[in-house]
Amino acid sequence: MVLLDSNILIRWVEPTDPDHPLVEAALDWLTRSGTVFCYTSQNLSEFWNACTRPTNRKGFGLRPSEADRRARSFEARLQLLPDSIAVHQEWRKMLVDYGICGVQVHDARLAAAMRVHGVKRILTFNTSDFARFPDLQAMHPGNIQAGPQP
């Protein structure tokens, strides 16, 4: 299983994004290897935020109905990792254990969900955001085809 980070989801459903072909190629390669893709409510929240935020604030300026259409396009193909008390407790523990602060709390929540659900890999453009978690592997889509078959 591989968790798809929000920055992957945004580019996957936007064919005009310059990184769309790179994301498509990485997902195709992983699919051929039998990878199951997943997401969390946190990913959907970040995706929705970016889609509906005004363009003058670095968003896409989409109406909620269009954000919904795009979200449904990936939700139908991915497995949801549900929130739970176990995810919350792991996240809380990680905040203290790793001294996490500021915006890093969001990535820690994804890492907590991954740990609780036994997901070891995340596809992301921000691999350094997950470097502090030695039990998790952050993969950049540009490096997927360069490496051996997973």
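Quick note: the coordinates plus some simple rules give every number you see, no bench work behind them. Keep in mind it's a predicted model, so treat the numbers as computed, not measured. Positions of Cβ are generated from backbone atoms using ideal geometry, with glycine treated the same way; all protein chains shown enter the neighbour counts.
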- Task: Just order 63-74, 34-45, 130-141 by mean Cβ neighbour count inside 10 Å, highest at the front, would you?
- Result: 34-45, 130-141, 63-74
- Query: Once amide H atoms are built 1.01 Å from N in the peptide plane, which residues 5 or more positions from residue 139, or in another chain, come under 5 Å H to H?
  - Reply: 122, 123, 124
- Task: When a/c is below 1.5 the answer is rounded, else prolate if a/b is larger than b/c, else oblate, so apply that to region 1-104 with a ≥ b ≥ c taken from the square roots of the Cα gyration tensor eigenvalues.
- Result: oblate
- Message: Give me the one-decimal nm value for the distance between modelled label points at residue 143 and residue 24, 7 Å along each residue's Cα-to-Cβ direction.
- Response: 2.5 nm
- Pick from 86, 112, 76: which residue has the top mean-square fluctuation in a GNM of the chain where Cα pairs under 10 Å get a spring? 76
- Item | Three-way shape label, region 46-150, alpha-carbon gyration tensor, a/c 1.5 | prolate
